[in-house]
1. How many of the residues making up the stretch 4-51 are in contact with a helix residue (DSSP H, G or I) (Cβ under 8 Å, 6 or more places away or on another chain), among the polar types (S, T, N, Q) and open to solvent by 70 Å² or more (accessible area, probe 1.4 Å)?
2. Given the residues 92, 139, which is the only one that is within 23 Å of residue 1 (Cβ to Cβ), part of a helix (DSSP H, G or I) and open to solvent by less than 60 Å² (accessible area, probe 1.4 Å)?
3. Return the pairs, sorted by first residue and then second, in which the second residue is assigned to a helix (DSSP H, G or I) and open to solvent by less than 90 Å² (accessible area, probe 1.4 Å), the first residue lies in the stretch 120-140 and is over 23 Å from residue 34 (Cβ atoms) and modelled with pLDDT of 90 or more, the beta carbons are less than 7 Å apart, and the residues are 6+ apart or on different chains.
4. Quick one: what pairs do we get from the stretch 107-119, first residue over 14 Å from residue 74 (Cα atoms), second open to solvent by 60 Å² or more (accessible area, probe 1.4 Å) and part of a loop (DSSP other than H, G, I, E, B), C-beta under 8 Å, 6+ apart or different chains?
5. Can you tell me which of 105, 54 is buried (at least 17 other Cβ atoms within 10 Å of the Cβ), within 14 Å of residue 142 (Cα to Cα) and at pLDDT 95 or above?
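The values are calculated or read from the model by the stated rules, or taken from the named source; none is laboratory data. Bear in mind that the values here come from a model prediction, so they are computed numbers and not experimental data. Neighbour counts are summed over all protein chains in view; Cβ atoms, including those assigned to glycine, are modelled from backbone coordinates with ideal geometry. Calculation scope for accessible area: heavy atoms of the full protein, side chains included, ligands and nucleic acids excluded. Shrake-Rupley method; radii C 1.70, N 1.55, O 1.52, S 1.80 Å.
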Amino acid sequence: MAQRIEAQIQVEVGVEILWRTFAEEFRVTWPKVVPDIVVNVEVVEGDGGLGSLLFLQFKPGGPTVPYQKTKIVELDSTKHKLGLEVVEGGHLSNGFSKYVTFFKLTSNGERETQVDVAVECEPVAEEADLQEKTTKFPLLFFRCLENYLQTADA
């Protein structure tokens, strides 16, 4: 059965730089932000925009799978919205038949951004703690991105 799980986090980084490093410069920044998890990000189809297919290579000993192919299913630079659907590997190899994560970044001032995360998924079997399993990494990623940007800014 399809489910939607939502969470949010506040980060002390302006929305424009957060958006740029998260949604536009992802090939460079994602491996730097979470090097213990993501080794490499490649655009294997498209130009990095809407409809593009990304290949994420995970660090051995990190996630339980070596890679994930993800399609950009929503991209709105004006509204700071990004949707990523796992199409192979990743969560689809870990108990889900569908897994899409939507992000919306909203400015709360010059140096503060609210990040809304919504995961639409279909677990293959009943999951005990779906909230934890689906939103833990996106929230951790944005906390790590906040730290990365604040360190780079110092």
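1. Final tally of qualifying residues: 0.
2. On the way: 139 fails: within 23 Å of residue 1 (Cβ to Cβ).
After ruling out the rest, the residue left standing is 92.
3. 123/130
4. As it stands, the answer is 111/12; 112/12; 114/108, since those pairs meet every condition given.
5. Numbers: 54 fails: within 14 Å of residue 142 (Cα to Cα).
Answer to the check: 105.
Residue-wise test of (1) open to solvent by less than 60 Å² (accessible area, probe 1.4 Å); (2) closer than 28 Å to residue 51 by Cβ; (3) hydroxyl-bearing (Ser, Thr, Tyr).
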site: 79; (1), (2), (3): no, yes, no
site: 97; (1), (2), (3): no, yes, yes
site: 110; (1), (2), (3): no, no, no
site: 117; (1), (2), (3): yes, yes, no
site: 133; (1), (2), (3): no, yes, no
site: 150; (1), (2), (3): no, no, no
